[in-house]
Amino acid sequence: MNQILKDILIDRLQVAEQALHSETSLEDAGLDSLAIAELDLLLAEHSVTTIGEDRLASVTTIGALDQLVDEHLAGR
């Protein structure tokens, strides 16, 4: 898992480390729409552009979220 994403999820959004499995749904991990919006802002602090709430909300699992963040960071 991307270390930046992992740090944000655990330290800033209070997601339990045990919930960080690729098949865990965002909902089961405790990430609601407000948390997704906050995640977008926190990720923006670590990169030049934001991913966007719509794109973040389009993924449904921790694994898909990790892949999206990796793709975004690789393409910046």
* To do: For segment 45-73, enumerate the residues that are on the phi < 0 side of the Ramachandran plot, outside any helix (DSSP H, G or I) and in contact (Cβ under 8 Å) with a residue 12 or more places away in the chain.
  => His46, Ser47, Val48, Thr49, Ile51, Val59, Thr60, Thr61
* Return a yes/no flag: does segment 14-23 have any residue that is surrounded by 12 or more Cβ atoms within 10 Å (Cβ to Cβ), modelled with pLDDT of 95 or more and under 10 Å from the mean Cα position of the chain (by Cα). => no
* Name the residues in segment 1-28 that are in contact with a Gly (Cβ under 9 Å, 6 or more places away or on another chain) and outside any loop (DSSP other than H, G, I, E, B), would you? -> Ala19
* To do: Out of the residues in segment 43-67 that are aliphatic (A, V, I, L, M), modelled with pLDDT of 95 or more and open to solvent by less than 30 Å² (accessible area, probe 1.4 Å), state the one that is farthest from Gln14 (Cα to Cα).
  => Val59
* Asked: Restricting attention to segment 29-42, which residues are assigned to a loop (DSSP other than H, G, I, E, B) and loosely packed, with under 13 Cβ neighbours inside 10 Å?
  -> Asp32
* **Pairs where the first residue, in segment 23-44, is β-branched (Val, Ile, Thr) and the second is open to solvent by less than 10 Å² (accessible area, probe 1.4 Å), C-beta under 7 Å, 6+ apart** => Thr24/Ile62; Ile36/Leu56
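The values are calculated or read from the model by the stated rules, or taken from the named source; none is laboratory data. Remember, it's a predicted structure, so these values are computed and weren't measured experimentally. For neighbour counting, all protein chains shown are included, and Cβ atoms are generated from backbone atoms with ideal geometry for every residue, glycine included. Surface accessibility is based on the protein's heavy atoms, side chains included, excluding ligands, DNA and RNA. Shrake-Rupley method; radii C 1.70, N 1.55, O 1.52, S 1.80 Å.
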